[in-house]
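The next block holds one structure in the form of C-alpha cells; read it before the comments.
The values are calculated or read from the model by the stated rules, or taken from the named source; none is laboratory data. A quick note: this is a predicted structure, and the numbers were derived from the prediction, not measured. Virtual Cβ from ideal backbone geometry, glycine too; neighbours counted across all protein chains shown. Note: accessible area is taken over every heavy atom of the protein model, side chains too, but ligands, DNA and RNA are not part of it. Shrake-Rupley method; radii C 1.70, N 1.55, O 1.52, S 1.80 Å.
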Amino acid sequence: MKPVVLITGSAGLIGRYLVRTASRWAPDWAVRGLTRADVDLTDLASVDNAWRSIQPAAVIHCAAISRTKDCEQNPELARSINVDASVHLARLSEHIPFIFLSSGEVFDGKTGWYSEADVPSPINVYGKTKLEAEQVVLKNPRHTVLRIVLTAGSSENGDRSFVEDMCRVAKAGKDVTLYADEFRCPLPAGAIVRVVWELFGHEQPGLYHLGGQDRLSRWEIGQALLPWYPELMGRLVEGSARTHVGGSRPADLSLRCDKIQKLLSFPLPGFRSWLFARAHRGADLWDYQAPHS
Ligand SMILES: NC(=O)c1ccc[n+]([C@@H]2O[C@H](COP(=O)([O-])OP(=O)(O)OC[C@H]3O[C@@H](n4cnc5c(N)ncnc54)[C@H](OP(=O)(O)O)[C@@H]3O)[C@@H](O)[C@H]2O)c1
C-alpha cells in the first residue's frame, strides 16, 4: 500500500493541478484530494473524522479564501479557514511533512524582490491571515511554507486564475483595467505544482519563495497575454493602483527565488517564455516541461 498524501482545496486552481499531476511527479504516493464538499475545514470535528479515516502520511494544504477582496469582505471567514483550519491541520500533521501554500501578500510591496530573510508586513486581511498561519506552521521543523504569487492556469469552471478572470470580463464585452504600477512575477500552475512535487520529494522543510523570473506590471502581463488570448484584444486599459477603490494592495510583490531554485531540477521560467513555449511547443497545461527537460 502506498502512503497517502492529502491535498486540501483540491477543487481549487492549484489543488486540482496537484491531483492531476501526482502520478507523474509523485508516483510512490497515493493521492487523496479533499474538496469543500468532502469536508468543510472550518468544522474541526469533521476534519478530525476525515483525518482518522484517511490517515495521511503527508499533507499539501491548498485550501484557503484566496482572493484578497473576499478576505476584506469577510475577515472572520478568512481567519477561520486561512488561520484556524490551517493551524489545526498543521497540529494534526505534527509528525509528518506538511506543505502550506502561502502568499507574497505577507509583504507590504514597498520594495519588491523579497527574500525569505525579509521581514513581512502585510497590509490586507489576506496577507495578515497567511502570515499568522505561517508563523505557527514554521514552528514545526518538519513543515514547509511556500510563498507563491499570481498563478495562471485553467480551472474546472474557468473562474479561478487571473487569466480566466480577464478573459471572462473581456468576453462579457467589458474593459479590463490593468495597473501599470503594480508588479508581480507570475507563474503557470503547471510550473508551481512541479516545484511543489520536487520540494515534496526533497523533504527539505522551511520557508521558500516561488515566483517566475519575469517581474511584470499587471499592464505588461496583459500585453504578454494578448497574442495568445485574442479575446483580450481591444479590451485592456492601462490604469494606476493609485485610483484603486477597496482593500490595500501591495505595489511590488516580486520574490527572490534563489533558495528554492537550488533544489530544483529545472530553471524557473519567466512568464513570457512560458507563454511562448506553450504556444509553440504545444506544452501540456497539466504537465509543465522546462525548456531543457
Ligand atoms: N492562485 C494564486 O494566484 C495564489 C497566489 C498566492 C497564494 N496562493 C495560495 O495558494 C493556495 C491555493 O490557491 P488556489 O489559487 O488554488 O486557490 P483557490 O482556487 O481559491 O482554491 C482554494 C480552495 O480552497 C477551498 N476552500 C475554501 N474554504 C474551504 C473550507 N472552509 N473547507 C474546505 N475547502 C475550502 C475552496 O473551495 P471551493 O472550491 O468550494 O471554493 C477552493 O477549492 C491558497 O492557499 C492560496 O492562498 C494562490
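The residue list His95, Cys62, Trp274 was ranked by how far each Cα lies along the charge dipole of the chain toward its positive end, using unit charges on Cβ atoms, and Trp274 comes out on top. Contact order for the chain, expressed relative to its length and based on alpha carbon pairs under 8 Å spaced 6+ residues apart, stands at 19 percent. For the range 257-273, the Karplus equation 6.51 cos²θ - 1.76 cosθ + 1.60, evaluated at θ = phi - 60°, returns couplings of 10, 4, 5, 6, 4, 5, 8, 8, 8, 9, x, 4, x, x, 5, 5, 5 Hz by residue, with Gly and Pro reported as x.
Taking all protein chains together and a 1.4 Å probe, the residues His280, His143, His244 rank His280, His244, His143 from largest to smallest accessible area.
At 0.890 mPa s and 25 °C, plugging the Kirkwood radius over alpha-carbon pairs of the chain into Stokes-Einstein gives what diffusion coefficient in µm²/s?
Numbers: Rh = 19.4 Å.
This corresponds to a translational diffusion coefficient of 127 µm²/s.
In the context of the full set of protein chains, residues of the chain present 46 Å² of accessible surface per residue (probe radius 1.4 Å, heavy atoms only).
With respect to the chain, whose longest principal axis is taken over its alpha-carbon atoms, helix 189-202 is tilted by about 30°.
Stretching Glu156 away from Arg168 to a fully extended chain increases their span by 2.9 nm, per 0.36 nm per residue minus the current alpha-carbon distance. A simple rule links phi to the HN-Hα coupling: the Karplus curve 6.51 cos²θ - 1.76 cosθ + 1.60 with θ = phi - 60°, which for the range 240-248 gives 10, 4, 5, 8, 5, 10, x, x, 5 Hz, with x for Gly and Pro.
Taking amide H positions as modeled 1.01 Å from N, with prolines and chain starts lacking one, the residues under 5 Å from Ser121 and 5 or more places away or on another chain are Phe107, Asp108. Of the accessible area of the range 1-143, computed with a 1.4 Å probe over protein heavy atoms only, carbon and sulfur atoms account for 51 percent. If the segment from Leu77 to Trp228 were pulled out straight at 0.36 nm per residue, it would be longer than the present Cα-Cα gap by 50.7 nm. The stretch between Lys262 and Gln204 holds 19.7 nm of extra length on full extension. This uses 0.36 nm per residue minus the Cα-Cα distance. The count of lysine pairs in the chain that are at least 8 places apart or cross chains, and whose C-alpha atoms lie under 21 Å apart, stands at 10.
Over the range 1-136, what relative contact order in percent results from Cα pairs under 8 Å that are six or more residues apart? Relative contact order for the range 1-136 comes out at 24 percent. The string of couplings for the range 44-50 from the Karplus curve (6.51, -1.76, 1.60, θ = phi - 60°) is 5, 5, 5, 4, 4, 4, 4 Hz, one whole number per residue in order, with x for Gly and Pro. Would you pull out the residues with amide H under 5 Å of Gln213's amide H, same chain only if 5 or more places away, H placed 1.01 Å from N? So Gln213 has HN proximity to Gly270, Phe271.
Around the amide H of Val145, modelled in the peptide plane, lie the amide H atoms of Phe100, Gly206, Leu207, Tyr208, all under 5 Å away and 5 or more residues distant in sequence or on another chain.
Report, for the range 4-281, the % of DSSP beta bridges that are antiparallel, rounded to 5.
Numbers: 2 of 32 bridges.
So the antiparallel bridges in the range 4-281 amount to around 5 percent.
From its DSSP helices (H runs of at least four residues, each -39,500 (n - 2.57)), the chain gives a residue-normalised ellipticity at 222 nm of -10000 deg cm²/dmol.
Look at the dipole of the chain built from charges on Cβ: of Ala170, Leu264, Ile14, the Cα furthest out on the positive end belongs to Leu264.
Farthest towards the positive end of the charge dipole of the chain, among the residues Val136, Trp197, His244, is the Cα of Trp197, using unit charges on the Cβ of Lys, Arg, Asp and Glu.
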